[in-house]
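Participant: Got a structure here, written out as structure tokens. Questions coming.
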Amino acid sequence: MGVLVSEAHQSEDWRMRLEDLQPDATVRGILPDAAVTVISVQWHGSDALTLVYRRPTGRVADEILYRHDESRLEIVEAGRPWSFDGDGASFRLVSEAHRIRLAHLFDPVLAVHTSLVEPLPHQITAVYEAMLPRQPLRFLLADDPGAGKTIMAGLLIKELIARGDLKRCLIVCPGSLAEQWQDELHRRFHLPFEILTNEGLEAARTGNWFFEHDLAIARLDKLSRNENVQEKLAVADCRYDLVVCDEAHKLSATFFGGEVKYTKRYRLGQLLSGLTRHFLLMTATPHNGKEEDFQLFLALLDGDRFEGKFRDGVHQVEVSDLMRRMVKENLLKFDGRPLFPERIAYTVPYKLSDDEATLYKQVTEYVRDEFNRAEALQNDKRAGTVGFALTILQRRLASSPEAIYQSLRRRRERLDKRLRELELLQRGAAPAVPVNDGPQLDADDIEDLEEAPESEVETAEEQILDQATAASTIAELKAEIAILVRLEALATEVRRSGRDTKWRELANLLAEIFGRPPNEHAVGEDPAPYGSGPITKPVPSPRQKLVLFTEHRDTLNYLQNRIGSLLGRPQSIVMIHGGMGREDRRKAQESFLHDPEVQVLLATDAAGEGINLQRAHLMVNYDLPWNPNRLEQRFGRIHRIGQTEVCHLWNLVAEETREGDVYRRLLDKLEEARQALGGQVFDVLGKLQFGGRTLRELLIEAIRYGDLPEVRARLNQSVENGVDRPHIRELLEERALAHDTMDASRVAQVREDMERAEARRLQPHYIESFFVEAFKRLNGNIRQREPRRFEISHVPAPIRNRDRQIGSGEPVLTRYERVAFEKDLIAPAGQPLAAFVCPGHPLLDAVLDLTLERNRDLLKRGTVLVDDRDASTTPRVLFFLEHATDLHAGCK
């Protein structure tokens, strides 16, 4: 250990007492740069005194001292201004505290070593090569879905905090992802972000929630729709060091007909860009195919460079200095193997029974007629609302007999209740009231619902489906109710008969997947062929796990009962849906991932939003979404980092139905494209356009006019053009815009850099050694419980109080059952979890701060020599401090 050169001798408790101030004593700490000689002392009670002293110049002065001044005073032995008898152990601790505080200077990837992540090559290069060197950071991170952009953002935030470049950070994301962001950042990086809520806004002590929270998460639409919240955010004192926007493509504006249409979300993006120094946009779909819109999007990062450039005829821009994009097919592990396995989708067609076909025909006719009546109202908002309700009904018709029966029953009951209310008002001679008193949606509202959290969508759908009607009079309402009574009777008959051909196909598929013979009573006929491809179908095994998606809660409950009966073990099924709380969802997810008895996860699209299910590699779409982006999101739940198996997806499609025919044609064309272009075709589903129209618009046209041969021909041609091979290839090229590649040699270089950083970093045993000794000196109780894992039975009040003063995250606890200082020791096999104490942990930060404060005078007058034995691996910090020149002079 280095040699301590000191002018002072400190007691073991690091502090002198006022009683030690006696005449002729030499004292340091009264003046900032010199020692003084005590002349006399006059006490005032037991906790204060007046000290009369002589300066080195001979001038006499006095000062009143109190007990709290004891920590800054020390007695200097007369005649020995420079000596080697200082407290070496204390100086070692304080020098180690400084070294830990400066750990980021000689650990180039400190955030990696102090977080619960094992980053991959493309994540390392994104954070440490593409983003951190940029000051200020204005960047678009556009890697593919499933590449771990949340991990990259967490590493960036933690690294900036460690380097003292970030104190306040705001993350803006879709509402469905806010809780996932909060969980990931806390669990992996120990970053305590708070989510903005209405209750939080109202309860803010200062009146401004943003001012009170340094680490904040806000929902995108809550900010974009609420001008009052934006006003609070725009206050000068609320500036953030870093703003991260997830799913940033939602902030886009459009350029059409020579004019720019600025959306509320785009205006929010402009506001966020102006209130931060570092601005990070994250999206897997930055380009919608229109160069003008893309340049408007980039103007959020650099308005001077991109705003209005397209007006001057600039059709392409160089963006490699502003963005990084890596596609799944180019991502590698550290051993050079591909990160993502192959994937394939199969189409499972089924034919409706006679009863089901009759129900389908009758409900579709009702939907078509009501669509026509709604258009005749000449009220776009009401017509749009009724049309939205009718599409919900049509989708539930395709889902299951249970879903359509329950939907028809609820709609009939709600309209029946409205009829009775109207008749009562009519008898009371009340003024005329509208038949339809429910909510009305415009095109923007419907578009927002497409991206809203599932719980919000379900509530809106139920309300609209049960109330929206095209009826304008009581007579029309009675006629519609009569139709609903007839349709409900048909649905009841199908439901009671048990003849559900869609379920039969699923039962046969489950039998093949899990290797169990189908139940003869539940399954009637042999399964239809799935299609063929170069990828081998999965081998049947009862240990496999399957994710099954449906769009409707009624179908979810229906399938839970039927699959539980088929497998013979209801406990082998777990569910995730929008009505579940965050804790229940997490429990269901953990059960599916880790419980070997759980085979099937039944899920609505709540599980398609930000939940990682790569423990499974098999998926079934029981219901096909009308938004192909949802299809892409669902497949992305299993085709993620950590997936080791080939991913298989089965899509169930009804033959001889109007929307089923369109979807069957689409899926067949996608399979043709996959065989030619590979599994990457599934990553551009959300960008498919069919003659300038969306898939939803195509399906509605099929339902309304699909009985006309010319309409069917036009629809088929739209699908052919939208999914033909040249168009898919063009979308893939757009997707690879400004993309980076990472070959095996680049991965090898990253691996070497990581190994070098591992050797250079502040090794955990130094932190452990410092913490154990410093913690005991601060009167804490710590003992070794297992090898290099410790129990802390008591955290002293000064440490907890210091955390309250300097900490911005979660508080220091009074005790810890287990703590560890190395990531490998946090959860060894068969042992309980331990807290990870590393730079940035509030307990370690409090101990560091107290150690430095209580020994600041020792540091001011000392130096430490480098121990050559450590220099080759972990250089010791060499302190040249305040009196280094005087010390050398004294040593002479």
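Participant: Can you pull out every residue in the range 162-198 that is open to solvent by 10 Å² or more (accessible area, probe 1.4 Å), outside any loop (DSSP other than H, G, I, E, B) and out of contact with any Leu (no Cβ under 8 Å at 6 or more places or on another chain)?
Facilitator: Ser176, Leu177, Glu179, Gln180, Gln182, Asp183, Glu184, His186, Ile195, Asn198
Participant: From the residues in the range 459-490 that are open to solvent by 10 Å² or more (accessible area, probe 1.4 Å) and not in a helix (DSSP H, G or I), which one is modelled with the highest pLDDT?
Facilitator: Ranking the qualifying residues of the range 459-490, first place goes to Thr473.
Participant: Let me ask another. Which residue out of Arg205, Arg239 is charged (D, E, K, R), open to solvent by 40 Å² or more (accessible area, probe 1.4 Å) and touching a residue at least 40 places away in the same chain (Cβ under 8 Å)?
Facilitator: Of Arg205, Arg239, the one residue that is charged (D, E, K, R), open to solvent by 40 Å² or more (accessible area, probe 1.4 Å) and touching a residue at least 40 places away in the same chain (Cβ under 8 Å) is Arg239.
Participant: Within the range 316-352, take every residue that is surrounded by 18 or more Cβ atoms within 10 Å (Cβ to Cβ) and among the polar types (S, T, N, Q) and give me the one that is farthest from the chain's Cα centre (by Cα).
Facilitator: Among them, the one singled out is Thr347.
Participant: Kindly evaluate Val76 against the criterion of being in contact (Cβ under 8 Å) with a residue 60 or more places away in the chain and open to solvent by less than 40 Å² (accessible area, probe 1.4 Å).
Facilitator: The answer is yes for Val76.
Participant: Something else now. Can you tell me which residue among Ala759, Ala713, Ala702, Ala744 is small (Gly, Ala, Ser), open to solvent by less than 20 Å² (accessible area, probe 1.4 Å) and at pLDDT 70 or above?
Facilitator: On inspection, the qualifying residue turns out to be Ala702.
Participant: Looking at this structure, is Glu632 open to solvent by less than 40 Å² (accessible area, probe 1.4 Å), at pLDDT 80 or above and charged (D, E, K, R)?
Facilitator: Criteria not met by Glu632.
Participant: Quick one: how many residues across the range 635-667 are open to solvent by 20 Å² or more (accessible area, probe 1.4 Å), in contact with a strand residue (DSSP E or B) (Cβ under 6 Å, 6 or more places away or on another chain) and of a type in the set (S, T, N, Q)?
Facilitator: 0
Participant: If you don't mind, there's one more thing I want to ask. Hey, could you check the range 373-391 for residues that are surrounded by fewer than 15 Cβ atoms within 10 Å (Cβ to Cβ) and not in a loop (DSSP other than H, G, I, E, B) and say which is modelled with the highest pLDDT?
Facilitator: Step by step, filter the range 373-391, then rank; the result is Lys381.
Participant: Still on this model: Being among the polar types (S, T, N, Q) and under 10 Å from the mean Cα position of the chain (by Cα) is the filter here, so list the residues in the range 171-211 that pass it.
Facilitator: Passing the criteria: Ser176, Gln180, Gln182.
Participant: Pull out all pairs, ordered by first then second residue, where Cβ-Cβ is under 6 Å, the residues are six or more apart or on different chains, the first lies in the range 100-118 and is of a type in the set (Ser, Thr, Tyr), and the second is in a helix (DSSP H, G or I) and open to solvent by less than 10 Å² (accessible area, probe 1.4 Å).
Facilitator: Ser115/Phe189
Participant: OK, next. Of the residues in the range 103-118, how many are closer than 23 Å to Pro338 by Cβ and buried (at least 23 other Cβ atoms within 10 Å of the Cβ)?
Facilitator: 1
Participant: Filter the range 767-779 for residues that are touching a helix residue (DSSP H, G or I) at 6+ places or on another chain (Cβ under 7 Å) and open to solvent by less than 40 Å² (accessible area, probe 1.4 Å); which is farthest from Gln831 (Cα to Cα)?
Facilitator: Leu778
Participant: Just checking, which of Gly498, Gly515, Gly531 is open to solvent by 40 Å² or more (accessible area, probe 1.4 Å), farther than 30 Å from Glu672 by Cα, at pLDDT below 90 and not hydrophobic (A, V, I, L, M, F, W, C)?
Facilitator: Gly498
One line per residue, one yes/no per condition, for (1) crowded, with 16+ Cβ neighbours inside 10 Å; (2) within 24 Å of Tyr405 (Cβ to Cβ); (3) free of Cβ contacts under 8 Å to residues at least 40 places away in the same chain; (4) in contact with a Pro (Cβ under 6 Å, 6 or more places away or on another chain):
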{"site": "Leu548", "(1), (2), (3), (4)": "yes, yes, no, no"}
{"site": "Ser572", "(1), (2), (3), (4)": "yes, no, yes, no"}
{"site": "Pro596", "(1), (2), (3), (4)": "no, no, no, no"}
{"site": "Gln599", "(1), (2), (3), (4)": "yes, no, no, no"}
{"site": "Thr604", "(1), (2), (3), (4)": "yes, yes, no, no"}
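Participant: Output the residue which, of all residues in the range 336-365 that are free of Cβ contacts under 8 Å to residues at least 24 places away in the same chain and among the acidic types (Asp, Glu), is farthest from Asp144 (Cα to Cα).
Facilitator: Going through the qualifying residues, I end up with Asp354.
Participant: When residues of the range 310-334 are filtered for being farther than 14 Å from Gly146 by Cα and either among the hydroxyl-bearing types (Ser, Thr, Tyr) or modelled with pLDDT under 80 (or both), how many remain?
Facilitator: 11
The values are calculated or read from the model by the stated rules, or taken from the named source; none is laboratory data. Since this is a predicted model, take the numbers as computed values, not measurements. Cβ coordinates were reconstructed from backbone atoms using ideal geometry, including for glycine residues, and neighbour counts include every protein chain displayed. These accessible areas exclude ligands, DNA and RNA; they are computed on the full protein's heavy atoms, side chains included. Shrake-Rupley method; radii C 1.70, N 1.55, O 1.52, S 1.80 Å.
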